[in-house]
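Peer 1: Could you have a look at this structure, given as structure tokens, before my questions?
The values are calculated or read from the model by the stated rules, or taken from the named source; none is laboratory data. Quantities reported herein were computed from a predicted structural model and do not represent experimental measurements. So basically every Cβ, Gly included, is an ideal-geometry build from the backbone, and we count neighbours across all protein chains shown.
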Amino acid sequence: MLLGAAVLLSAGTPVRLSAQDSQFGVRGLGTPGRFETARARSTGGAFGPFDALSPLTEASLGDLQQLAATAMGGTSYRDADVAGGTASLRATRFPVMGLAGPVFGRLVLSGGFTTYLDRTWDVTRRDSLLLRGTMRPYVDELSSDGGVTDLRFAAALRVSARFALGAAVHVLSGSTRETAGRTFDDTTYHAIRQNDETRYDGLGISGSLLVDPLPALRLSLFARSDNRLRARLGDVVTAETNLPNTFGAGLRWAPSPSVRLAGTVGRRTWADAGAGAFNTVSWSAGLEVDAGFAPFRVGARGGQLPFGAGPTAPTEVGFAAGTGRAFARGRALVDVGLEHLRRTGAGLSERVWTFLLGFSVRP
């Protein structure tokens, strides 16, 4: 019932949005997360396949020579334009946490979680209907609070100085508290309200490899397959939605020991999720320069979003920049970044500024 309410509400004209992630995730499964640490996101995501602590690929874990832990948080300030109105929103997320380290020789194991889908929004719509010969105005409100988390167990092996491979199992789980309500301006009509808690589960597998064809050049290839997202109300399965396959590649070039450039491209088959879903292609390009005690990072990204109301996929483009600092003789690292995104599609648009803060510890 709440899913039907979501479709009806998002098809109308929202007059208020609050405490939510992207409005482009309201009609579909949600807003996909980014499998990147603060360091990688500060380069537009370009260094994601080569960052050992980013949960995008597994083979990069092979570069770890000691135990390491990481966590990241981000606060987003969002201006959403819809139907001639503008809403200013703020949200704080902690999308990445992980632990990794070598166990037997060149074998590295890792465990952690990241946000797979964010399903948090609050949308309000005003309309009216004919009751007893009179038009009665009312307000519909639909809210969802929660999401789906990706719990990853990964392993990587450094086969040689120029080749590494890795694989992972992904356990998807999460829940949302959903509320749908209708309130009439005429208080002689009773307000209608329904509350539900939906639980989600799914599974996935992934694999990746790193190849150094030249001393200054590194190639990353990665793939992932997720089966389906199952939704439950109590003990009843209410929906099963196909999840995408992911294919991607990245290239990193280090013309000098202190300068690194990278580019990444990826494709996800979100169209398998059903009506209103689209396959997506994303790209990113970035630069990292070691400038003494604080590196400089910058990058850009673009591509499509998987869910939207129009005949084509919404698009996004953005840029990011950041830096970092090591403490305690390199055993503690702090990364900060600033990311800006612009998303458009089907009469909707939004601009997002996100402050990124990451911590890594290598005892």
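Peer 1: Among the hydrophobic types (A, V, I, L, M, F, W, C), in contact (Cβ under 8 Å) with a residue 24 or more places away in the chain and touching a Gly at 6+ places or on another chain (Cβ under 8 Å), is that true of L210?
Peer 2: yes
Peer 1: What residue, of R132, R158, R199, is out of contact with any Phe, Trp or Tyr (no Cβ under 8 Å at 6 or more places or on another chain) and loosely packed, with under 14 Cβ neighbours inside 10 Å?
Peer 2: On the way: R158 fails: loosely packed, with under 14 Cβ neighbours inside 10 Å; R199 fails: loosely packed, with under 14 Cβ neighbours inside 10 Å.
Unique residue meeting the criteria: R132.
Peer 1: Let me ask another. From the list F94, F104, which one is under 25 Å from the mean Cα position of the chain (by Cα), surrounded by fewer than 20 Cβ atoms within 10 Å (Cβ to Cβ) and of a type in the set (A, V, I, L, M, F, W, C)? Explain how you work it out, then say what you get.
Peer 2: Numbers: F104 fails: under 25 Å from the mean Cα position of the chain (by Cα).
Every option except F94 fails the conditions.
Peer 1: So V317 clears everything in (1) in a strand (DSSP E or B); (2) closer than 23 Å to T70 by Cα except one condition, right? Which one?
Peer 2: If we test V317 against (1) in a strand (DSSP E or B); (2) closer than 23 Å to T70 by Cα, just (2) comes out false.
Peer 1: Then there's this: Output the strands (runs of 3 or more DSSP E) that fall wholly within the stretch 254-313 and possess 3 or more residues being aliphatic (A, V, I, L, M), or say none.
Peer 2: Numbers: elements: 259-268, 280-289, 296-304.
Per the criteria, 259-268, 280-289.
Peer 1: For the condition within 20 Å of G28 (Cβ to Cβ), at pLDDT below 95 and not small (G, A, S), what is the one hit in L229, L233? Can you show your working first?
Peer 2: Working: L229 fails: at pLDDT below 95.
Residue meeting the stated conditions: L233.
Peer 1: Still on this structure: Looking at V317, V336, V281, V259, which is the one that is in contact (Cβ under 8 Å) with a residue 12 or more places away in the chain and more than 30 Å from A87 (Cβ to Cβ)? I'd like the intermediate steps shown before the answer.
Peer 2: Working: V317 fails: more than 30 Å from A87 (Cβ to Cβ); V336 fails: more than 30 Å from A87 (Cβ to Cβ); V281 fails: more than 30 Å from A87 (Cβ to Cβ).
The unique qualifying residue is V259.
Peer 1: While we're on this one: Could you please find all residues in the stretch 261-294 being more than 30 Å from G202 (Cα to Cα) and in contact with a Phe, Trp or Tyr (Cβ under 7 Å, 6 or more places away or on another chain)?
Peer 2: L261, A262, G286, E288, V289
Peer 1: Under 9 Å by Cβ, and 6 or more places apart or on different chains, what pairs join a residue from the stretch 123-144 that is over 21 Å from G85 (Cβ atoms) and among the aliphatic types (A, V, I, L, M) with one that is at pLDDT below 90 and outside any strand (DSSP E or B)?
Peer 2: Pairs that qualify, where the first residue is over 21 Å from G85 (Cβ atoms) and among the aliphatic types (A, V, I, L, M) and the partner is at pLDDT below 90 and outside any strand (DSSP E or B), are L131/D186; L131/Y189.
Peer 1: Something else now. Within the stretch 214-251, work out how many residues are more than 23 Å from S60 (Cβ to Cβ), over 23 Å from the mean Cα position of the chain (by Cα) and assigned to a strand (DSSP E or B). Working first, answer last.
Peer 2: Residues of the stretch 214-251 more than 23 Å from S60 (Cβ to Cβ): 227-243.
Within this subset, residues satisfying the condition of being over 23 Å from the mean Cα position of the chain (by Cα) are 233-238.
Checking the rest, the ones that are also assigned to a strand (DSSP E or B) come to 233, 236-238.
Residues flagged as more than 23 Å from S60 (Cβ to Cβ), over 23 Å from the mean Cα position of the chain (by Cα) and assigned to a strand (DSSP E or B) within the stretch 214-251 amount to 4.
Peer 1: Sticking with this structure for a sec: Tell me which of these Q66 doesn't satisfy, since it passes every other one: (1) assigned to a strand (DSSP E or B); (2) more than 17 Å from G322 (Cβ to Cβ).
Peer 2: The number of the failed condition is (1).
Peer 1: Among residues belonging to the stretch 305-349 that are of a type in the set (D, E) and closer than 28 Å to A271 by Cβ, point out the one that is surrounded by the fewest Cβ atoms within 10 Å (Cβ to Cβ). So that I can check it myself, show each step before the final result.
Peer 2: Our first condition is that a residue be of a type in the set (D, E); within the stretch 305-349, this holds for 316, 335, 339.
Imposing the further condition that a residue be closer than 28 Å to A271 by Cβ reduces the set to 316, 339.
Numbers: E316: 21, E339: 24.
The selected residue is E316.
Peer 1: Now for a different question. Of the residues that sit in the stretch 71-90 and are of a type in the set (A, V, I, L, M, F, W, C) and closer than 13 Å to Q23 by Cα, which one is surrounded by the fewest Cβ atoms within 10 Å (Cβ to Cβ)? Give the derivation first.
Peer 2: Within the stretch 71-90, the subset of a type in the set (A, V, I, L, M, F, W, C) is 71-72, 80, 82-83, 87, 89.
Right, trim to closer than 13 Å to Q23 by Cα and you get 80, 82-83, 87, 89.
Values: A80: 21, V82: 19, A83: 11, A87: 18, L89: 20.
Among residues in the stretch 71-90 that are of a type in the set (A, V, I, L, M, F, W, C) and closer than 13 Å to Q23 by Cα, the one surrounded by the fewest Cβ atoms within 10 Å (Cβ to Cβ) is A83.
Peer 1: Restricting to the stretch 327-363, count the residues that are of a type in the set (S, T, Y) and under 18 Å from L67 (Cβ atoms). Before the answer, list the steps.
Peer 2: Filtering the stretch 327-363 down to residues of a type in the set (S, T, Y) leaves 344, 349, 354, 360.
Keeping just the survivors that are under 18 Å from L67 (Cβ atoms) gives 360.
Residues in the stretch 327-363 being of a type in the set (S, T, Y) and under 18 Å from L67 (Cβ atoms): 1 in total.
Peer 1: When the stretch 344-363 is examined, which residues are found to be in a loop (DSSP other than H, G, I, E, B) and under 30 Å from L99 (Cβ atoms)?
Peer 2: Initial filter on the stretch 344-363 (in a loop (DSSP other than H, G, I, E, B)): 346-347, 362-363.
Answer for the stretch 344-363, where residues must be in a loop (DSSP other than H, G, I, E, B) and under 30 Å from L99 (Cβ atoms): R362, P363.
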